[in-house]
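Just so you know, all these numbers are worked out from the coordinates, no wet-lab data involved. All of these numbers come straight from a predicted model, not from anything done at the bench. Neighbour counts are summed over all protein chains in view; Cβ atoms, including those assigned to glycine, are modelled from backbone coordinates with ideal geometry.
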Amino acid sequence: MINILLITFTITLIYIAMANRLLTYIRLIAFQGFLLFGVAFIELIEINLVNLVFVLLETIIIKAIAIPMFLKYILDKNNITREAEPFVSNFVSVVIVTIIILGSFFLTNVFQDTYVRKIFFIVAFSALFTGLYIIITRRKIITHVMGYMVLENGVFVLSLAVGNEMPMIVNTGILLDIFVSVILLGIFADKIGDVFEEQDVEQLRNLKD
Amino acid sequence: MNDIVLGIYLPASLIIGISFYFLRKYSSQVLLTIAFIALQWALTVFEFFHRDVIQLVYFTPDALALIFLGVISLVCIPAFYHSFIYFSKHPYGPREQGMFFGAMVILTASLSAAYLSNHIGITWVFVELTTLSASALIYHRRSKLTLEGTWKYIFICSISITLVFIGVLFVTVAAQQQGITDLFYRNLSIHAGTMNVFWLKLAFLFIFTGFTAKAGLVPMYTAGIDAKDKAPYPAGALLASVLMNVGFIGIFRFYEITSHTTIFGWTNKILMISALLSVFVATVYMLRVKNIKRMMAYSGVEHMGIVMLGMAAGGIGYYAAILHLILHSFAKPALFFQFGQIYRTYGSKSVYDVGYYFKYNITGALVLLFAFFIVTAMPPSGMFISEFLVFRSLFESGYLWILILVLILLTTIIWAFGKNVFKMLFIKPVNFDESRLVPIPFSESVSQFILLGLVVYLGLMPPRGLVELINAAISTLP
């Protein structure tokens, strides 16, 4: 079951690479949140109630509902065009994301370690690099936030892979920080939309030497 | 019993930070500032008398933490003082002012907590908090450029802190194989020798890269430069000194763990590469940059590079690195505070518009001249001693070619820095209207003289307590 969920997660990465509309990105990020909840739920089934509530909060409430709704709100408010407007064509993106996934596959097979479960690592690395790839190749500021979300989802899978042993208080702090930084990024994307009237990274080229 | 002071400090500073936003009268802001500084000093004094006592499970005032806690407590007093001067000269709405002071308080408190933390996860949480509070400071002016600077700062720091988190996860893998379930630095340090080096290497790469955003080293230094440029100068002083120290502490604590393993030589190579590139990048930009604040920010990149050279060379270099960092944390704020007066006199950040400073503000010009000698590590600057020790350690550990390269680069930096500073001091400015000049009182320069004097004093005649603290901080390194 975990394998099915993780593979579905990887497929969403390819889908993001070729998606045209920003709304599709948001839906995929929300969908990834639900998938992560499924993985975490099966993975951490034996843990106590508090941790379960915590994971539920982190995946369903924040990753799958709050942040996508917030991103949708920014999209509507700033009248951002619906196209993602990547620098490269979708076909190239799909090829590159496929290469990323294959690369993660080979990279993970280098690990000579019996402790780690490889599928988690493959999926996590794929998501990390796909997130970075989206950040680099998309023109709009809001897509940078979305790329960051994909990257964060990858980190979440990675933390499941190593059986995160952090104490509760640390986990809470980390969750809050990530949540606040995404909200802040969103707020500033919103402000950039207000000030520059166009949400385009080309506008942010004035600070230099 | 030992938990009480820190237990009061953390929530109280949060409350003070928030009340700045709501109590906007001048008198209440002064009172809140005094309350916070008193709180900060109460914590510092308490921790000095409770060295190595674990508090609230996750905080231990060890020697390294005490050094930097002392530094931040000293630097935050002039920073708040100059913030009041800043707001008396540049009128901003009470809302912006409240935000600014609140963010300053939360930044100082989260930095102090990050210094004191003895758990890798807690350090992570508080370092991320510094990003959030610093971004409020950078956005203070609410213009297009500050918006751009803030966006870049938050984005790059968020990515970097994510990299640190990935590094922490790899540490978890390595630790679990040895049956360690918590991530206290002390535990990791004890068991480091038996851990799987592959995971440790991976972890070091990620943690180091992540913390360079705060420490101002290659590869992630860019966001910090924009931040120091765009933040108001009292905040810039904090970003250019104590915030860089937190990046150093993050790197140092993990470096200390790897020093007990077989990959120690490899980590030193990483540090050396990053340090050399930092000095190189600083040189290149110092030659062409004309914005005074950015010039001072790049000087910070250079000094962090020198610190890392000392760390990578080892031996006396460890002592020199920490001493250099302390001195830098006093010298750089003095320059930033002085920049505030330059900006008020000329209304510009560009070297081209500034000139003949000796005529218009003699005490300020003296500060600038003196600070230039201090920052470029010419005697009697204390940084001369620490830089000299770094060079000695490089020489002793056989990095002769690197030493020669660094000396050439540093000479270039001194030339570039000096060219701009002497232009500001002695050459007539173009299109400057003298009639609207408002004289700046001597009293506003006193804090800069004290800070620069501290650099000379601590470098030339370090008090025995400080030497003992530095030696204790590096005692576990080979």
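Okay, here's what the table says:
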quantity: Helix B:63-89 vs. chain B, principal-axis angle (Cα, 0 to 90°, nearest 10); calculated: 20
quantity: Whole-angstrom Cα spans of chain B along principal axes, big to small; calculated: 73, 54, 43
quantity: Relative contact order of segment B:281-478, pairs being alpha-carbon contacts under 8 Å that are 6 or more residues apart, as %; calculated: 32
quantity: Karplus-derived 3J(HN,Hα), 6.51/-1.76/1.60, for each residue of segment A:96-109, Hz, glycine and proline x; calculated: 5, 5, 4, 4, 4, 5, 4, x, 4, 4, 5, 4, 5, 5
quantity: Lysines whose Cα lies under 26 Å from that of B:Lys201, excluding same-chain neighbours fewer than 8 positions away; calculated: A:Lys118, B:Lys214, B:Lys269
quantity: Size of charge dipole - the protein assembly as shown - debye, nearest 20, with Cβ of Lys, Arg +1 and Asp, Glu -1, no other charges; calculated: 1540
quantity: Of B:Lys230/B:Lys419; B:Lys290/B:Lys428; A:Lys191/B:Lys293; A:Lys140/B:Lys349; A:Lys191/B:Lys349, those spanning more than 19 Å from alpha-carbon to alpha-carbon; calculated: B:Lys230/B:Lys419; A:Lys191/B:Lys293; A:Lys140/B:Lys349; A:Lys191/B:Lys349
quantity: Only Lys, Arg (+1) and Asp, Glu (-1) charged, at Cβ; segment A:58-140 dipole about Cα centre in debye; calculated: 160
quantity: Using θ = phi - 60° and Karplus 6.51 cos²θ - 1.76 cosθ + 1.60, couplings along segment B:102-108 (whole Hz; Gly, Pro as x); calculated: x, 5, 4, 5, 5, 4, 4
quantity: Between 0 and 90°, nearest 10: helix B:464-473 axis offset from chain B longest Cα axis; calculated: 50
quantity: Charge sum, other residues only, whose C-beta stays under 14 Å from B:Val57's C-beta, Lys/Arg counted +1 and Asp/Glu -1; calculated: -1
quantity: Among A:Ile11, A:Thr143, A:Ile61 the positive-end extreme of the charge dipole of segment A:2-193 (Cβ point charges); calculated: A:Thr143
quantity: Cα shape, segment A:2-193, gyration tensor, a/c 1.5 rule; calculated: oblate
quantity: Cα-centre dipole for segment B:281-478 with unit charges at Cβ (Lys and Arg positive, Asp and Glu negative), debye to 20; calculated: 520
quantity: Cα-based shape type of segment B:18-86, given that a ≥ b ≥ c are square roots of the gyration tensor eigenvalues and the cut on a/c is 1.5; calculated: prolate
quantity: For segment B:48-135, diffusion coefficient by Stokes-Einstein and Kirkwood Rh (Cα), 20 °C, 1.002 mPa s, µm²/s; calculated: 151
quantity: Dimensions in Å of the protein assembly as shown - Rg and Dmax from alpha carbons; calculated: 25.0, 79
quantity: Among the listed pairs B:Lys89/B:Lys152; A:Lys208/B:Lys228; B:Lys152/B:Lys332, those beyond 18 Å (Cα-Cα); calculated: B:Lys89/B:Lys152; B:Lys152/B:Lys332
quantity: For segment B:363-414 versus segment A:34-101, the gap between their alpha-carbon centres in whole angstrom; calculated: 49
quantity: Cut-off 15 Å between beta-carbons: net charge of the residues surrounding B:Val75, Lys and Arg +1, Asp and Glu -1; calculated: +2
quantity: Most positive-pole-ward Cα, B:Gly179, B:Phe330, B:Val367, against dipole of the protein assembly as shown from beta carbon charges; calculated: B:Val367
quantity: Farthest positive-ward along segment B:14-132 dipole, Cα basis, beta-carbon charges - from B:Ile67, B:Phe100, B:Phe36; calculated: B:Phe100
quantity: Cross-link reach list, aspartates and glutamates versus B:Lys25, counting only Cα pairs under 16 Å and skipping chain neighbours closer than eight places; calculated: B:Glu96
quantity: Degrees, to the nearest 10: A:2-18 long Cα axis against longest axis of chain A; calculated: 10
quantity: Rg [Å, one decimal], Dmax [Å, integer] - segment B:281-478, C-alpha atoms; calculated: 17.9, 62
quantity: Proximal charge balance of B:Glu96 [Cβ under 12 Å; K/R count +1, D/E count -1]; calculated: +4
